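All remarks here apply to the structure that follows.
The values are calculated or read from the model by the stated rules, or taken from the named source; none is laboratory data. Owing to the predicted nature of the structure, the values given are computational and were not obtained by experimental measurement. A quick note on method: Cβ atoms are made from the backbone with ideal geometry, for glycine too, and the neighbour counts reach across all protein chains shown.
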Amino acid sequence: MEQEEIYSKVLRAGRRTYFFDVRATKAGDYYLTVTESKKFTNDDGSFHYKKHKIYLYKEDFTEFNTILGEMTDYIINEKGQEVISERHQKDYVKEEFPSEDSKEESSADSFTDVSFDDI
């Protein structure tokens, strides 16, 4: 059973939310849980959340913090601070899929018609 939260912080990041919670063990020691919660919208407009949680105990803090720092430094050093993603580009335009009619016209130029009866 989850223990009572002692101290919490929340990081909202678009559809994702990160929860950092300090909790107490039965013995009264503290540990950290980090939960990623991501919102998904269903076709009918309703929504649901998917959650992933890690538990981090004091004996792992130093090594975890060292590796996390190394990994984040590596990413920033290799790719910089700017987000590299089509969706995050200022001039991003969502690609619309061609209609069935336009697919037939363009595919006729580049493909041979094959009937499934031929296969």
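Against the condition at pLDDT 85 or above, surrounded by 10 or more Cβ atoms within 10 Å (Cβ to Cβ) and over 22 Å from Phe19 (Cα atoms), how does Tyr74 come out, does it pass? Steps first, please.
On the way: at pLDDT 85 or above: yes; surrounded by 10 or more Cβ atoms within 10 Å (Cβ to Cβ): yes; over 22 Å from Phe19 (Cα atoms): yes.
Spelling it out, Tyr74 is indeed at pLDDT 85 or above, surrounded by 10 or more Cβ atoms within 10 Å (Cβ to Cβ) and over 22 Å from Phe19 (Cα atoms).
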Report summary line: Within segment 10-26, restricting to residues that are touching a residue at least 12 places away in the same chain (Cβ under 8 Å) and of a type in the set (D, E, K, R), the one that is surrounded by the most Cβ atoms within 10 Å (Cβ to Cβ) is Asp21
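Kindly indicate the residue of segment 27-43 that is at pLDDT 90 or above and out of contact with any Phe, Trp or Tyr (no Cβ under 7 Å at 6 or more places or on another chain) and also surrounded by the fewest Cβ atoms within 10 Å (Cβ to Cβ) among those meeting that condition. Give the steps one after another, and end with the answer.
At the first step, the residues of segment 27-43 found to be at pLDDT 90 or above are 27-38.
Retained after the next criterion (residues that are out of contact with any Phe, Trp or Tyr (no Cβ under 7 Å at 6 or more places or on another chain)): 27-30.
On the way: Ala27: 5, Gly28: 7, Asp29: 10, Tyr30: 13.
Looking at the filtered set, the residue picked out is Ala27.
Somewhere in segment 61-68, is a residue under 21 Å from Arg12 (Cα atoms) and free of Cβ contacts under 8 Å to residues at least 60 places away in the same chain?
Here is the first cut: in segment 61-68, the residues under 21 Å from Arg12 (Cα atoms) are 68.
Retained after the next criterion (residues that are free of Cβ contacts under 8 Å to residues at least 60 places away in the same chain): 68.
There is at least one residue in segment 61-68 that is under 21 Å from Arg12 (Cα atoms) and free of Cβ contacts under 8 Å to residues at least 60 places away in the same chain.
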Report summary line: Within segment 17-61, of all residues that are part of a strand (DSSP E or B) and of a type in the set (Asp, Glu), the one nearest to Ile6 (Cα to Cα) is Asp21
